[in-house]
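The values are calculated or read from the model by the stated rules, or taken from the named source; none is laboratory data. The model shown is predicted, which means the values in this text are computed figures rather than measured ones. A quick note on method: Cβ atoms are made from the backbone with ideal geometry, for glycine too, and the neighbour counts reach across all protein chains shown.
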Amino acid sequence: MPTFLRSTLDRLYALSGATAATFLIAMLILIVLQMLARWTGEVFPGAPDYAGYCMAAASFFGFSYALNRGAHIRVSILLNSVGEKSAKFLNLWCFGIATALAWYLCFYAYRMVYWSWKFNDISQGQDATPLWIPQLSVLIGGIIFAIALTDHLVHLLLVGKDRIASEKVAERNQDSSDQHLPNSEAGDQ
């Protein structure tokens, strides 16, 4: 894959992770402000709704970053117990299904945003926010996640391995621990 494209995708995933972190901080601030408002007898209308929007945005923006860092739950016990060809097939199958489902989600998220905008749908809470605004984070985060899954699928097809970082770190840690053992013990592992 060209270096420019690889670095652009990696920056996109990092930016998506930073955006997710920003929404988590915004959610924390909203909850603290709502607590302070209750303690002082004031009303902060719509705070729970805005915190919910921030939680949804943090989740969807965090998906692609978490995928690349190996933070998604992935059962590798099966992959480790089968041969290399079977593991590659299982990986291809899983990434293929996940990629298809992610793009399917994007299609319907786009329709949800479009129709909310077209009908001027607003939330039923005290905030009366046009729903297409918080729904847009689901669409954008979903698109970035679908791009990340497609990126991993293409990389798996071309190179034979995915790009999930935690597995690479585990392999490097194993290699470096072998270097510290005497030659007879390193060969036995």
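Here are the numbers for the structure shown:
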| read-out | value |
| --- | --- |
| Long-range neighbours under 9 Å by Cβ, at least six apart or interchain, first residue outside any helix (DSSP H, G or I) within the stretch 69-81, second exposed (fewer than 15 other Cβ atoms within 10 Å of the Cβ) and at pLDDT below 75 | 70/165; 70/166; 70/168; 70/169; 70/170; 71/166; 74/166 |
| Total residues in the stretch 1-58, condition more than 18 Å from the chain's Cα centre (by Cα) and of a type in the set (Val, Ile, Thr) | 6 |
| Unmet criterion (only one of (1) over 29 Å from residue 33 (Cα atoms); (2) outside any helix (DSSP H, G or I)) for residue 120 | (1) |
| Among the candidates 100, 148, 109, 87, residue that is small (Gly, Ala, Ser), in a helix (DSSP H, G or I), surrounded by 13 or more Cβ atoms within 10 Å (Cβ to Cβ) and touching a Ser or Thr at 6+ places or on another chain (Cβ under 6 Å) | 148 |
| Selected residue (criterion: nearest to residue 146 (Cα to Cα)) from residues of the stretch 115-126 that are surrounded by fewer than 17 Cβ atoms within 10 Å (Cβ to Cβ) and in contact with a Phe, Trp or Tyr (Cβ under 8 Å, 6 or more places away or on another chain) | 117 |
| Extreme residue, surrounded by the fewest Cβ atoms within 10 Å (Cβ to Cβ), among residues of the stretch 40-68 that are assigned to a helix (DSSP H, G or I) and among the hydroxyl-bearing types (Ser, Thr, Tyr) | 59 |
